[in-house]
1. Within the bounds of the stretch B:517-533, is there any residue that is out of contact with any Pro (no Cβ under 6 Å at 6 or more places or on another chain), of a type in the set (D, E, K, R), crowded, with 17+ Cβ neighbours inside 10 Å and in contact (Cβ under 8 Å) with a residue 60 or more places away in the chain?
2. Has the stretch A:103-118 got at least one residue that is farther than 16 Å from A:V199 by Cα, within 14 Å of chain B (Cβ to nearest Cβ) and basic (K, R)?
3. Which residue out of B:V237, B:V171 is of a type outside the set (S, T, N, Q) and either modelled with pLDDT of 95 or more or touching a Phe, Trp or Tyr at 6+ places or on another chain (Cβ under 7 Å) (or both)?
4. Any residue at all in the stretch B:552-563 that's out of contact with any Lys or Arg (no Cβ under 9 Å at 6 or more places or on another chain) and closer than 13 Å to B:R609 by Cβ?
5. Can you tell me how many residues in the stretch A:84-105 are farther than 21 Å from A:E185 by Cα and of a type in the set (D, E, K, R)?
6. Just one of A:W181, A:W104 is of a type in the set (F, W, Y), under 21 Å from A:G62 (Cα atoms) and touching a residue at least 12 places away in the same chain (Cβ under 8 Å); which is it?
7. With the requirement that a residue be within 22 Å of the chain's Cα centre (by Cα) and not small (G, A, S), what does the stretch B:351-365 give you?
8. Going through the stretch A:26-40 one residue at a time, which ones are at the interface with chain B (Cβ under 7 Å from one of its Cβ atoms) and assigned to a helix (DSSP H, G or I)?
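The values are calculated or read from the model by the stated rules, or taken from the named source; none is laboratory data. On a predicted model such as this, the values are computed, not experimentally measured, just so you know. Note that we place each Cβ from the backbone using ideal geometry, even for glycine, and neighbour counts take in every protein chain shown.
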Amino acid sequence: MRRIVEFIARHPWGWTWLYLALVVGGLLQFLGRRPTIQTETYAVAPPLPEDGEINLASLYRGGSVWVSSFDTHHLHHPLYAIDERANPTLLEKWATVQADREPWIEVRLARRADVHRVVLALAGAREDGVLTMIDYDIQCLREEQGEVWLVRDLAIHGNRESSPSHPLECSATDRVRIGFWVAPEGQPRDVVRLYEIQVLGEVVGDV
Amino acid sequence: MCENRRNPHKQDYIGPASDNALTGGLVVSGPSGSRLVHLFRRSKPKEAMARSPDSGPISTGKEGRAECPVDPSQAGGRGLAIGLAAALLLGLAIRLVFFAIQRGMHHPDEVFQYLEPATWRIHGYGWLSWEFVEGARNWILPGFYGALMEVGSWAGLKGYSLYRFLQLHNVLVSLVLIPAAFRIGRAVGGKDGLGGLFAAFAVALCPYLAFFAPHTLSESAGLILTTWAYALWLEEVARPRGTGGSLAALPVGLLLGAAVVVRYSLVVFVPLVLIDYLLRRRFRLLGWSVLGMACAAAVVGLVDWLTWGEPFHSAMEYYRFNVVERGAEIYGVLPRGYYLNDVLIGRLGVGAVLLGLGMALFFWRHWRLIAAWVLPLIALSLMKHKEERFLLSIWPFLLISGVNGYLAFIRWLAERPWKHSPKTSSSLALCQRDSMIAHGGQTGDRQEEESTRNSQRGAMVSDSDPKKDHEGGESSSYLDGDRSVWFSGWGLRIGTGLVGLVLVAVLAFNLHGTSRLELDSFADLFQAQAWVSRQADATGVLLDEPLNINGGFTLLGRNLPFWRLQFDLVDNPVFNYLVAQQPNIVRALRRRRAFTELRQIGSAIVFRRNTGGIELSRQPELLP
């Protein structure tokens, strides 16, 4: 380090080399980025225990979402999917981009829970039903000691409902992940449009 | 043996200017040679090693120097270095003032065309404009700023602090314009470097250029690249043929190509250089410059291929949208005279007349510099969509060509033969006793004798014709007979001082014109947006501005959903912060009990939702 500092101080182009080194280093880090899009966790986790079924995905109960992409040009932010908005506008949905050919959304619960149902508000709830996703895969996941375990996997094919409710019966679940199959670009359902996701269950412990 | 060489400026060159620098000399050419006039003090004759392109170092003997064509890039010295350093310091000072004043942005493009895409690439969130959806922009400048954002993040900077870091970086980098201007001024203005100094000060102190220095616009980056490209080109033009290599044109091409890469419309600066090479039949230089441009083009082709899936995709989309479809006209159409009237004359005022007069003086000596700003002005004026920033790159050439004309006039006056005046001041117009190359003692002695006699007269000492020296003939004194230069030391000093005053006047008028720009636009909104982002309980924010007129996710530094404030979203509890500026919206929000007015930042008022909020994982406190 001392030699580097001396070089910079004495060499007529020392500061230029330092600047270039910083820019190149920054550029390498920039090019190596593979960001995962996630929302922040805003709220406290629901108390233990709580009677009855609650929506554990809600941002008001400490839920957060991770997504593969979201439509940044139209700002269809993933947070809309867990905002518990009763009558959302067309803006207030999570939507992916066409380039994302394997879109997914993962709800992370604030507390470990027994998940009974997953309820979705798909495109048809507010828009043309032809945009409603028909094929997707719901997974209940549990994280233990740094590893993520699959608790249950439920494949859905040929869905025609705008707001389907899927019984799951996943025990001790930390995350619920839904992976979608999208149509080729330019066709309806080439992007995911999700107005709301609810993960209904009972809290059993800490994550 | 050095010999006079034909050069486009029809000026002879003089040997190493180290003595010039110590004494602040001005070189003037006479019919029989060049001589040095010192503006400040007498320089003692000293042995100097003259450099000849033909025969290497040549001793001048006891006094005088060799009159050899010299590469203008070699002229320099301590005085020039001090002047250049002063220009850099003053340039930094004025730029820092504009940096401190401007806390917002000049144009949304500086956020959404370069910073926001970089934010998106780094974090996965960012509001991408249509250009980055359709592929009408390349990723080179966003990549550069992304690299800087990574560097800033190493220091823990994010949001508004990161934004200011990028602006400060641009301020510092913009200082490289000053040595470029110096080199242009020296190349076109004369071998003594005074033209370079004037050019350096003109660019350093130009308020208009200082205003744009912090902004993360492609025009700011293009300004640096075009100015340096032209500096290297004009130095080559001024260089005697046979000195320097053809490879000197490679960086010219690279820089011009890079300028086009960062801003495609800067292609208007390319033809002049290529045509000049053609007219001078410098085909090797032409080839190297084209190669340089091709290298830059190859880079953008590769980057587009990697990012958009097709080589030169962004260039083709740009051409299709702007040239074929004229899509830019939806953003506004301005009359053809807008750039000349509203921008140049509007920002310079009477200074435009002063510059124009200077350019007209001896325009044939710096016609290239005049063409450097006139041709792009005409080309850009033909496009219907106009914005003031599009013309930024011409300003250094505009200033330098005007100032250079006055300096050329001063030199011309000094070169005129006048009747000898016995009262000609000798104390200040102390000339170095330059002589021709001392290849023969007899010749040198004769020169010594002439110099002594002329010094006693207090007149200018002339140099003999080097050509005659080369032939071994007698030296011909410029002071044969009773002729001598009347416009000597004091006259030159006053003349140079007047040129300085003209420059000061031009800059003063420009300051007035620049002050009519919005110096602090969007600052209140930016401050408010940044303040909201620092609040731990913020889950979303509505802004009283269109989506493309705010600081974006770059300024937020967080993955917070934001949207334009509209009342069908006001009821969504996700948007628990609102920033309003329009009085009617402020009044409407104040009437709503659901919101509490938290803070006023200039014209922006921040509201927070009272009900429908969330129980936070940590207690919120209003951070400053």
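1. Yes: the stretch B:517-533 contains one or more residues that are out of contact with any Pro (no Cβ under 6 Å at 6 or more places or on another chain), of a type in the set (D, E, K, R), crowded, with 17+ Cβ neighbours inside 10 Å and in contact (Cβ under 8 Å) with a residue 60 or more places away in the chain.
2. no
3. Numbers: B:V237 fails: either modelled with pLDDT of 95 or more or touching a Phe, Trp or Tyr at 6+ places or on another chain (Cβ under 7 Å) (or both).
Step by step, each of B:V237, B:V171 is checked, and only B:V171 is of a type outside the set (S, T, N, Q) and either modelled with pLDDT of 95 or more or touching a Phe, Trp or Tyr at 6+ places or on another chain (Cβ under 7 Å) (or both).
4. no
5. 3
6. Values: A:W181 fails: under 21 Å from A:G62 (Cα atoms).
Answer to the check: A:W104.
7. Within the stretch B:351-365, B:V353, B:L354, B:L355, B:L357, B:M359, B:F363, B:R365 qualify.
8. A:G26, A:L27, A:Q29, A:F30
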